[in-house]
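Undergrad: The structure follows.
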């Protein structure tokens with residue numbers, strides 16, 4: 001049953017990620033912004049895998065489902081951040097001001113998403129009773145991935161956004177803001 005489920009997931013997950021990519025592209029009309037948001041997936045993956053290894057859990061179907069949930073939360077955090085940067089740039093702020101102001105204004109929503117989810121899943125991580133073999137790997141993946149994803153989202157994404165935008169922005173567009 002696990003092999004069949006893994007087979008289905010190996011088809012469903014790439015299709016889902018492709019559909020998310022298409023939806024994000026239709027929202028931003030910018031491949032760089034879509035790729036920055038999608039960068040949250042490997043950032044979250046690192047934390048989830050590390051948490052599983054640290055707590056001695058095996059990769060299983062529940063942990064796979066945890067990764068799917070984690071990817072959704074991580075993508076949402078990236079979307080919140082990038083869309084705020086774009087909004088502030090459209091309002092006339094310089095690139096640097098948009099990144100700093102956007103990061104500061106979205107710090108609380110991103111942290112609240114992470115903290116409330118992690119605290120909600122904490123009982124599942126420490127549970128040892130019946131059913132914990134299903135709940136525990138899922139919760140470990142989500143909490144571990146959220147920790148790494150959130151830290152990296154708040155540091156790496158703004159830095160890369162500014163770096164990439166500064167190199168792709170046209171000189172005429174840059175001079176209009178000043």
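Undergrad: Please work out how much length the chain gains when fully extended from residue 111 to residue 97, using 0.36 nm per residue of separation minus the C-alpha to C-alpha distance, in nm with one decimal.
TA: 2.9 nm
Undergrad: For segment 1-103, state the average projected area of the convex hull of the C-alpha atoms over all orientations, rounded to one decimal in nm².
TA: That works out to 7.5 nm².
Undergrad: Sticking with this structure for a sec: Taking the Cα atoms only, what angle lies between the long axis of helix 40-54 and the longest principal axis of the chain, rounded to 10 degrees?
TA: 30 degrees
Undergrad: Using Cα pairs under 8 angstrom and six or more residues apart, how large is the relative contact order of segment 40-178, in percent? Kindly include the intermediate steps, with their values, before the conclusion.
TA: Details: 148 pairs, mean separation 61.0, N = 139.
RCO, segment 40-178: 44 percent.
Undergrad: Also, quick follow-up: What is the order of 64, 10, 149, 132, fewest Cβ neighbours within 10 Å to most?
TA: Ranked by crowding around the Cβ, least crowded first: 10, 132, 64, 149.
Undergrad: Where does helix 2-28 land angle-wise versus the long Cα axis of the chain, in degrees 0 to 90, nearest 10?
TA: 20 degrees
Undergrad: So, one more: Roughly how tilted is helix 132-168, in degrees to the nearest 10 and between 0 and 90, from the longest Cα axis of the chain?
TA: Long axis of 132-168 versus the principal axis of the chain: about 10 degrees.
Undergrad: Helix-derived [θ] at 222 nm for the chain: sum -39500 (n - 2.57) over DSSP H runs of at least 4, divide by residue count, nearest 500?
TA: Value at 222 nm, helices only, nearest 500: -30500 deg cm²/dmol.
Undergrad: First measure r as the distance between the Cβ atoms of residue 7 and residue 167, then evaluate 1/(1 + (r/R0)^6) with R0 = 35 Å and state the FRET efficiency to the nearest 0.05. Please list the in-between numbers first.
TA: Working: r = 42 Å, r/R0 = 1.19.
For R0 = 35 Å, the calculated efficiency reads 0.25.
Undergrad: At q = 0.09 Å⁻¹, what log₁₀ I(q)/I(0) does a Debye calculation on the Cα points of segment 2-177 give, no solvent, two decimals?
TA: Rounded to two decimals, the profile gives -0.36.
Undergrad: Shifting gears a bit: What distance in nm separates the simple spin-label points at residue 159 and residue 122, each placed 7 Å from Cα in the Cβ direction?
TA: My value for the distance between the label points is 2.9 nm.
Undergrad: Shifting gears a bit: For segment 99-153, what class follows from the C-alpha gyration tensor (a ≥ b ≥ c being the square roots of its eigenvalues): rounded when a/c is under 1.5, otherwise prolate if a/b is larger than b/c, else oblate?
TA: Cα axes put segment 99-153 in the prolate bin.
Undergrad: Go ahead and run the numbers for FRET between residue 59 and residue 87, Cβ-Cβ distance against an R0 of 35 Å, rounding to 0.05.
TA: So, using R0 = 35 Å, E works out to roughly 0.35.
Undergrad: OK, next. Expressed in nm to one decimal, what extension gain is obtained for the pair residue 19 and residue 104 from 0.36 nm per residue of sequence separation less their Cα-Cα distance?
TA: 27.6 nm
Computed from the coordinates by the stated procedures, all read-outs in this text should not be read as laboratory data. Small disclaimer: the values here were computed from a predicted structure and weren't measured. So basically every Cβ, Gly included, is an ideal-geometry build from the backbone, and we count neighbours across all protein chains shown.
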